[in-house]
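> Please see the structure below; I have some questions.
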Amino acid sequence: MDGPSATELARLVADRAFACERAIQGVVAPAGLTVEQWWVLHHLAGAEAAPMSDLVTACRAPAPTTTRIVDKLVENALVHRGLDGMDRRRVLVRLAPRGRELVTVLAEQVEAALDAQFEGLAPWQAGALEAVLREP
């Protein structure tokens, strides 16, 4: 591989991901949320309901941790959890009205905080970065 080593590239990506996480945390922490809770709420804002397996992916945490994250969101009346009417073995999570309101309030602020992390990227650079990061 010509150019920077894979280790250096991985370090740069990890550093930028950490900076993005800190930026999100700066917005959601005053609302009493963790970054992982934000990712769950954000994911649910784009879906009527989601199975726990989707939320594991959305918040990038192991299943037991995701269950605890959802437990806390249920406790705070931000989401509802229930069985799927078509498959009673499957648990679905939905945004509660309070959760939908919170996502609406925070989404624009989170987006602005993340925009600041990528300030200075030309649109073609952002597109190239997206294409590279989406590759398996």
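The values are calculated or read from the model by the stated rules, or taken from the named source; none is laboratory data. For clarity, every value in this text was computed on a predicted model and none was experimentally measured. Cβ placement follows ideal geometry from the backbone for every residue including glycine, while neighbour counts extend to all protein chains displayed.
> Give me a count of the residues in the range 96-111 that are without any contact (Cβ under 8 Å) to a residue 60 or more places away in the chain and either small (Gly, Ala, Ser) or touching an Asp or Glu at 6+ places or on another chain (Cβ under 9 Å) (or both).
Of the residues in that region, 2 qualify.
> In the range 71-94, what residues are out of contact with any strand residue (DSSP E or B) (no Cβ under 6 Å at 6 or more places or on another chain), among the hydrophobic types (A, V, I, L, M, F, W, C) and at pLDDT 95 or above?
Across the range 71-94, the qualifying residues are Ala77, Leu78.
> Mind counting the residues in the range 17-46 that are within 13 Å of the chain's Cα centre (by Cα), outside any loop (DSSP other than H, G, I, E, B) and small (Gly, Ala, Ser)?
Counting residues in the range 17-46 that are within 13 Å of the chain's Cα centre (by Cα), outside any loop (DSSP other than H, G, I, E, B) and small (Gly, Ala, Ser) gives 3.
> Please state which of the following conditions Leu12 fails to meet, knowing it meets all the rest: (1) farther than 29 Å from Leu133 by Cα; (2) in contact with a Pro (Cβ under 9 Å, 6 or more places away or on another chain).
Condition not satisfied by Leu12: (1).
> Among the residues of the range 47-59, are any crowded, with 17+ Cβ neighbours inside 10 Å, assigned to a loop (DSSP other than H, G, I, E, B) and within 14 Å of the chain's Cα centre (by Cα)?
no
> Here's another thing I want to ask about it. If the requirement is being more than 17 Å from Ala50 (Cβ to Cβ), part of a helix (DSSP H, G or I) and modelled with pLDDT under 95, which of these qualifies: Glu101, Glu111, Glu119, Glu130?
Working: Glu101 fails: modelled with pLDDT under 95; Glu111 fails: modelled with pLDDT under 95; Glu119 fails: part of a helix (DSSP H, G or I).
Answer to the selection: Glu130.
> Any residue at all in the range 83-91 that's part of a helix (DSSP H, G or I) and of a type outside the set (Val, Ile, Thr)? I'd like the intermediate steps shown before the answer.
First, the residues of the range 83-91 that are part of a helix (DSSP H, G or I): none.
Taking every residue of the range 83-91 in turn, none turns out to be part of a helix (DSSP H, G or I) and of a type outside the set (Val, Ile, Thr).
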